[in-house]
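First comes the structure, then the notes that go with it.
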Amino acid sequence: MAARKGGLGKGLDALIPGDFSPTPVSSDSFVLTASIIPNPRQPRDTMNPEELQDLANSIREHGIIQPLIVTHEPMSDTYILIAGERRLQAAKLVGLEKVPVIIRTATDQERLELALIENVQRSDLSPLETAEAYRKLADEFNLSHEEISERVGKGRVAVTNTMRLLKLPEQAKKALNEGRISEGHGRALLGLPTPQAQLNALQTILHQDLNVRQTEELIRKLGGQKPPAVPAKEVDPDVKEIEDRLCERLGTRVTLKHSKKGGTVTIHYYSEEELSGLLNRLIPG
């Protein structure tokens, strides 16, 4: 089969080759909920119970708007779920006897790719779940990091960095899964040479509630790296006051360059998570 290329912005259909012939959506495009079995290649390990209940409440009121994607197993007359696990579980909570589906033909690899892509598109996977799914694509299907990045619409460096999280000690992985540290913290910890050094740094991060920037500084110190020397210069007290107020407001470092003819305000961020938080503050949805 020819290699597929696509990106997240194009949706699932852009990542499915032309020989995938979906069953047309019609009055009989419904199957028994009980006949659908989970995708064995589903990358997600956990679901947020509150979010699942919210989805169930929405389905109870409005029904399932977007059909599930399944493959048909004619020998057993069952269907294997490719995409839509949360919708399926929510439908079971509501007690729906039948659910709308689109039936496709998919290989084992395509089931994993499509499940991964749907979850990444919806930001449903944790960093470690995403990393494990990438690992399966690499190890079981011999895809390079570049090929994986093409499949999921992420940069190759982002794919590599996410996969590196699997090298963290188990205690650090647990903290990441529980949301006590972010992916940025995890990547910084990998800058230390041994698991024990990483665990020692982890305790400091948790005890002192360090952000990603502070963690990176800690790792540099523990690794014997000295931060580059910056020549001291006198800062206008008024400029410093404005910088401090902006830092407090935005929760990150802000630098102001001011002159009589104007100037610039620079907002610094140190991870994708911090950038997302800044955008939410500056451009509320």
Matching residues in segment 171-216 - criterion: being closer than 20 Å to Leu275 by Cβ, in a helix (DSSP H, G or I) and of a type in the set (Gly, Ala, Ser): Gly184, Gly186, Ala188
Any hit, segment 132-147, residues being buried (at least 21 other Cβ atoms within 10 Å of the Cβ), touching a strand residue (DSSP E or B) at 6+ places or on another chain (Cβ under 6 Å) and either in the same structural domain as Leu206 (by TED's automatic domain parsing) or touching a residue at least 24 places away in the same chain (Cβ under 8 Å) (or both): no
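Results for (1) surrounded by 14 or more Cβ atoms within 10 Å (Cβ to Cβ); (2) of a type in the set (A, V, I, L, M); (3) touching a residue at least 12 places away in the same chain (Cβ under 8 Å), shown as yes or no for each residue.
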position: Gly153; (1), (2), (3): yes, no, yes
position: Leu165; (1), (2), (3): yes, yes, yes
position: Glu178; (1), (2), (3): no, no, no
position: Gly186; (1), (2), (3): yes, no, yes
Some residue of segment 206-213 being under 23 Å from Thr162 (Cβ atoms) and at pLDDT below 80: no
Residue among Ser276, Ser271 that alone is among the polar types (S, T, N, Q) and surrounded by 13 or more Cβ atoms within 10 Å (Cβ to Cβ): Ser271
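The values are calculated or read from the model by the stated rules, or taken from the named source; none is laboratory data. Remember, it's a predicted structure, so these values are computed and weren't measured experimentally. A quick note on method: Cβ atoms are made from the backbone with ideal geometry, for glycine too, and the neighbour counts reach across all protein chains shown.
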